[in-house]
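Following: one structure in structure tokens, then a few remarks.
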Amino acid sequence: KHSGNTSFETKRTQQKTFQLILYPLPSLKTRKSNPAMIKLLKTVALLSLLSSSTTAFSSQPWGRQQKTLNSRKSVSGPLYADSSNDDDVCTIQILMSDTGGGHRASANALRDAFDVLHPGKIEVDIVDIYTDYGPFWPYNDYVSMYKIMAEYSFLWDIFYHFGATPFGLWLNEILLETFCFDPFKKCMSRPSGSTGKRADMVVSVHPLCQDIPIKILADLDSSGASRDPKDRSTPFATVVTDLGGAHPTWFNPGVDKCFVPSDVLYQCARDRGVQPSQLIEHGLPIRKGFWAAEAKPESDQEKLEFRAKVGMESDLPSVLIVGGGDGMGGIVDIAKAVGDKLGSSADTPSYEMVVVCGKNENAKSTLESTNFGPGVKVDVKGFVYNMDEWMKASDALITKAGPGTIAEASICGLPCMMFSYLPGQEEGNIPYVENAGFGTYSGEPDKIAETVTSWLASPEKMAAMQNAALEAARPSATLDIAKDLAAMVFEAKKK
């Protein structure tokens, strides 16, 4: 509690916080007519004051661990006896929110894996529980809030680190149970698939879908007599979709299984009280186009075939620049710097640069009208649905430090230059890549251009980084996770 004797330094910090939040950028002033922005800024201001006034609370530096992350803890074979001969259809509800593309992509990947492993036997109900069932603002508006905070990352920094403090975790748990328990219970009670009954199993692929769903399942399983997780009988699993760092809300000791993608997150889960018997490390669930039994370099013929398929030149060293589905992170400045550096290297095309702008039409239009030097062939794309083919056709990748893209790049053996990250969980992805030896980070376009050009000019450097990427890859992770989840639901269905 606040004593009321606020020190001069604390007052000064609070004043600076308000100035930072309310007047950070001219472009923010023009958004004052946006109701979501106004509500968000007020909330950030409140949380900032709470954070500066509760210095007795401390938290681990979640997402900042620096250890090497490439050891293998994957379990070979399913965790439970395979009961898939059962003719009954099983249903799995996957809880998520579209705060970034990775959560839905992971849910879709698991659904696709179930269809491959057990066609027609597992029906999947994927639901954005906050958007569809949140009772009011801010719970039903997390997606638009996320987009604002992703654009102005200092807002995300405040929310993320306040929410990771003991006080922030306690406050979040109390508010969710007070306001969201009943509407979320309605979601988890709804019929799933063709069975006409609620799901046989629940899987979370979002950090805010552990505590309350587990309590709701206890309530449903006990016919309203208890919210104690010990009274839950419906199986519940968490599939963590971050990589080198994660928010503590991902890890709840009340789960049956928690699937983590890296050694760092294995330790984060242990620090939150999740037991080794609950933890499985397979890797990150990724899109179907990247699945494989093992990671191996493409043959020259395979590379040529992928380049022909996407329309790239067959013999030029190439770099692929992506900014995520929304094309964020200063992709125009980076592409111009890289294009200018490669373009000035020769009088005829010696390199190829492909820029995928996602949904950022302004970036696409700007780059399409930019004249680059004769030494580089440039291809600018909008949103693409065959990213696996573009990655397999390229030699190096420039990207934001998103977990899914990094995991997919490692499977393709792509050296990675990272240029932006969200404070918190994505911050840990940088040491993940650097310690594994297949990339580095810089936020300066000129340095990015210089570094990537030096990579492409050195076949020996490229070969070493490619091998390091493949060593870190876990291309069977999605199927491995799905095998274990399927075994869990089949076993539960027998009881």
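The values are calculated or read from the model by the stated rules, or taken from the named source; none is laboratory data. Since the structure is predicted, the reported quantities are computational estimates derived from the model, not experimental observations. In this analysis, Cβ positions are derived from the backbone assuming ideal geometry, glycine residues included, and neighbour counts consider all displayed protein chains. The accessibility values were calculated without ligands, DNA or RNA, using every heavy atom of the protein model including side chains. Shrake-Rupley method; radii C 1.70, N 1.55, O 1.52, S 1.80 Å.
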Discussion item. Please pick out the residue among D125, D132, D141 that is more than 17 Å from the chain's Cα centre (by Cα), within 18 Å of V205 (Cα to Cα) and touching a residue at least 60 places away in the same chain (Cβ under 8 Å).
Written reply: D125
Worksheet item: Which condition number in (1) within 30 Å of T178 (Cβ to Cβ); (2) open to solvent by 70 Å² or more (accessible area, probe 1.4 Å); (3) charged (D, E, K, R) is the one that K257 fails?
Response: (2)
Fill in: Residue within segment 146-160 that is touching a strand residue (DSSP E or B) at 6+ places or on another chain (Cβ under 9 Å) and either of a type in the set (A, V, I, L, M) or more than 21 Å from P248 (Cα to Cα) (or both) present
no
Worksheet entry | Odd one out for V355, checked against (1) at pLDDT below 95; (2) under 24 Å from the mean Cα position of the chain (by Cα) | (1)
Worksheet item: Could you count how many residues in segment 450-495 are crowded, with 18+ Cβ neighbours inside 10 Å and not in a helix (DSSP H, G or I)?
Response: 4
Worksheet, complete the sentence: Across (1) in contact with a Leu (Cβ under 8 Å, 6 or more places away or on another chain); (2) in a helix (DSSP H, G or I), V203 clears everything bar (2)
Response to the item:
Here the residues within segment 294-314 that are within 16 Å of I411 (Cβ to Cβ) and modelled with pLDDT of 90 or more are E302, K303, F306
Worksheet item: Residues that are open to solvent by less than 40 Å² (accessible area, probe 1.4 Å) and either more than 30 Å from L479 (Cβ to Cβ) or among the basic types (K, R) (or both): which helices (runs of 4 or more DSSP H) entirely in segment 112-172 hold 2 or more of them?
Response: 142-151, 153-163
Worksheet item: Out of S204, S192, which single residue is closer than 30 Å to D480 by Cβ, open to solvent by less than 50 Å² (accessible area, probe 1.4 Å), touching a strand residue (DSSP E or B) at 6+ places or on another chain (Cβ under 8 Å) and modelled with pLDDT under 95?
Response: S192
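Let's see how each residue does on (1) touching a Ser or Thr at 6+ places or on another chain (Cβ under 6 Å); (2) in a loop (DSSP other than H, G, I, E, B); (3) farther than 17 Å from S410 by Cβ:
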site: V255; (1), (2), (3): yes, yes, yes
site: F259; (1), (2), (3): no, no, yes
site: L265; (1), (2), (3): no, no, no
site: A269; (1), (2), (3): no, no, yes
site: V274; (1), (2), (3): no, yes, yes
site: S277; (1), (2), (3): no, no, yes
site: L284; (1), (2), (3): no, yes, no
Fill in: Candidate set from segment 433-449 (those that are open to solvent by 20 Å² or more (accessible area, probe 1.4 Å) and in contact with a helix residue (DSSP H, G or I) (Cβ under 8 Å, 6 or more places away or on another chain)); member that is farthest from G375 (Cα to Cα)
G437
Practice prompt. Select, from L414, L367, L397, the only residue that is in contact (Cβ under 8 Å) with a residue 12 or more places away in the chain and in contact with a Phe, Trp or Tyr (Cβ under 8 Å, 6 or more places away or on another chain).
Written response: L414
Worksheet item: So is A346 of a type in the set (A, V, I, L, M) and at pLDDT 95 or above or not?
Response: no
Item to complete: List every residue pair whose Cβ atoms lie under 8 Å apart, where the two residues are 6 or more positions apart in sequence or sit on different chains, the first residue falls within segment 208-225 and is at positive phi and among the hydrophobic types (A, V, I, L, M, F, W, C), and the second residue, located anywhere, is surrounded by 22 or more Cβ atoms within 10 Å (Cβ to Cβ) and part of a loop (DSSP other than H, G, I, E, B).
Response: none
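Give the number of residues within segment 208-234 that are open to solvent by 20 Å² or more (accessible area, probe 1.4 Å) and over 10 Å from L95 (Cα atoms).
At the first step, the residues of segment 208-234 found to be open to solvent by 20 Å² or more (accessible area, probe 1.4 Å) are 208, 211, 215, 220-233.
Checking which are over 10 Å from L95 (Cα atoms) leaves us with 211, 215, 220-233.
Looking only at that region, the number is 16.
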Item to complete: Would you please list the contacts, defined by Cβ atoms under 8 Å and residues six or more apart or on different chains, that run from a residue in segment 448-474 that is of a type in the set (D, E) to a residue that is modelled with pLDDT under 95?
Response: E471/N70; E471/A295
Item to complete: Mind listing whichever residues of segment 95-133 are hydrophobic (A, V, I, L, M, F, W, C) and out of contact with any helix residue (DSSP H, G or I) (no Cβ under 9 Å at 6 or more places or on another chain)?
Response: A107
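Just need a number here: residues in segment 432-449 that are closer than 16 Å to T399 by Cβ, in a helix (DSSP H, G or I) and out of contact with any strand residue (DSSP E or B) (no Cβ under 7 Å at 6 or more places or on another chain).
Quick first cut of segment 432-449, residues closer than 16 Å to T399 by Cβ only: 432-434, 436, 438-445, 447-449.
Now drop any that are not in a helix (DSSP H, G or I), which leaves 432-434, 436, 445, 447-449.
Still in the list and also out of contact with any strand residue (DSSP E or B) (no Cβ under 7 Å at 6 or more places or on another chain): 432, 436, 445, 447, 449.
Residues flagged as closer than 16 Å to T399 by Cβ, in a helix (DSSP H, G or I) and out of contact with any strand residue (DSSP E or B) (no Cβ under 7 Å at 6 or more places or on another chain) within segment 432-449 amount to 5.
Could you look through segment 235-250, keep only residues that are outside any loop (DSSP other than H, G, I, E, B), of a type outside the set (A, V, I, L, M) and open to solvent by less than 10 Å² (accessible area, probe 1.4 Å), and pick out the one that is farthest from P207 (Cα to Cα)? Give the steps one after another, and end with the answer.
First pass over segment 235-250, keeping only residues outside any loop (DSSP other than H, G, I, E, B): 236-239, 248-250.
If we keep only those that are of a type outside the set (A, V, I, L, M) as well, we get 236, 238, 248-250.
Restricting the remaining residues to those that are open to solvent by less than 10 Å² (accessible area, probe 1.4 Å) gives 236, 238, 248, 250.
Values: F236: 14, T238: 9, P248: 8, W250: 4 Å.
Top of the filtered list is F236.
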Practice prompt. Check segment 267-276 and report whether any residue there is open to solvent by less than 40 Å² (accessible area, probe 1.4 Å), closer than 25 Å to E471 by Cα and either modelled with pLDDT of 95 or more or of a type outside the set (D, E) (or both).
Written response: yes
